[in-house]
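The values are calculated or read from the model by the stated rules, or taken from the named source; none is laboratory data. Given the structure is predicted, the values throughout are model-derived calculations rather than measurements. Every residue, glycine as well, gets a Cβ built from its backbone with ideal geometry; the counts of neighbours run over all protein chains shown. Ligands, DNA and RNA are stripped out before the accessible areas are found, and what is left, the full protein with its side chains, is counted by its heavy atoms. Shrake-Rupley method; radii C 1.70, N 1.55, O 1.52, S 1.80 Å.
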Amino acid sequence: MVQLQEKAKTRKQTGTFLIEGQREIMLAQKGGYVLETILFLPELIAENDIRQLTRQKVELIEISKEVYQKLAYRDTTEGILAIAKTKSLQLSDLKLSENPLVLVAEATEKPGNLGALLRTADAANLDAVIIANPKSDMYNPNVVRSSVGCLFTRQIATGSTEEVIAYLKENNIAVYCATLQDSTYYHTQDYTTPSALVVGTEATGLTEAWRTASTKNIIIPMQGEIDSMNVSVAAAILIFEAKRQRGF
């Protein structure tokens, strides 16, 4: 269990990861994730409550307070953890609507930022989130936790920048890249047709491949001393402008 928490290699080898908390477990099931095992602390949650929580036949293991404290990141997760099977996260598995709105994040390094992006994507009910050149394991417990379960609520895929660009072009999705170079103000563009909003890292921005492939480079007007903001905040501004244009 500790290896699953701490090592991406173990998660990849076993094809499993840990989920902590009732809400997160419920959202994972709703998102089509298969649970293998549930571990619970009987002082905090009863077995009958777990049976009502789970929609699947799953192994239940009662654990001690010491074991729970060793495995749990938070104190407020109601005494329940689950081992679930990972998904492949292939671009080919995405099922988009006729007029999709997609978020693409390239090389997001911090699990907290990744989680915040997923949370924003859920709030806006985006068709999908695509991670290009991923630097963080999507099933890192910090991603699961910071996304407050939104890892499970949106379609997610990963791929190289080249693969993602090819996928968007194949599906006739316009590409709007948030970058300083050769850009125009974000609110002047039309996002009412199939659109992908693309954000890069806070340190280096997007790679040249995105700037070349973009339908239009866009920028958020900055009126202070700095020239960038947190990637999840920037993404939220762009996403909700697109949602506004689409009548929410």
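Some notes on this structure:
- Residue match in segment 109-122 (condition: touching a residue at least 40 places away in the same chain (Cβ under 8 Å), open to solvent by 60 Å² or more (accessible area, probe 1.4 Å) and touching a strand residue (DSSP E or B) at 6+ places or on another chain (Cβ under 9 Å)): yes
- Cβ-Cβ contacts under 8 Å between residues 6 or more apart (or on different chains), taken from a first residue in segment 233-247 that is assigned by the TED database to the domain that holds residue 219 to a second residue that is among the polar types (S, T, N, Q) and crowded, with 20+ Cβ neighbours inside 10 Å, are listed as 235/120; 236/120; 239/120; 242/195.
- Of all residues in segment 226-240 being modelled with pLDDT under 95 and open to solvent by 70 Å² or more (accessible area, probe 1.4 Å), the one that is nearest to the chain's Cα centre (by Cα): 227
- Applying the criterion of being open to solvent by less than 20 Å² (accessible area, probe 1.4 Å) and either among the polar types (S, T, N, Q) or modelled with pLDDT under 95 (or both) to the residues of segment 145-172, the residue that is nearest to residue 245 (Cα to Cα) is 147.
- Residues that are touching a residue at least 24 places away in the same chain (Cβ under 8 Å) and either open to solvent by less than 60 Å² (accessible area, probe 1.4 Å) or not in a helix (DSSP H, G or I) (or both), drawn from segment 43-67: 43, 44, 45, 50, 53, 54, 55, 56, 58, 61, 63
- Filtered by the rule that a residue be surrounded by fewer than 16 Cβ atoms within 10 Å (Cβ to Cβ), hydrophobic (A, V, I, L, M, F, W, C) and modelled with pLDDT under 95, segment 68-105 gives no residues.
- Each residue in segment 96-140 was checked for being closer than 18 Å to residue 8 by Cα and among the charged types (D, E, K, R), and 4 of them qualify.
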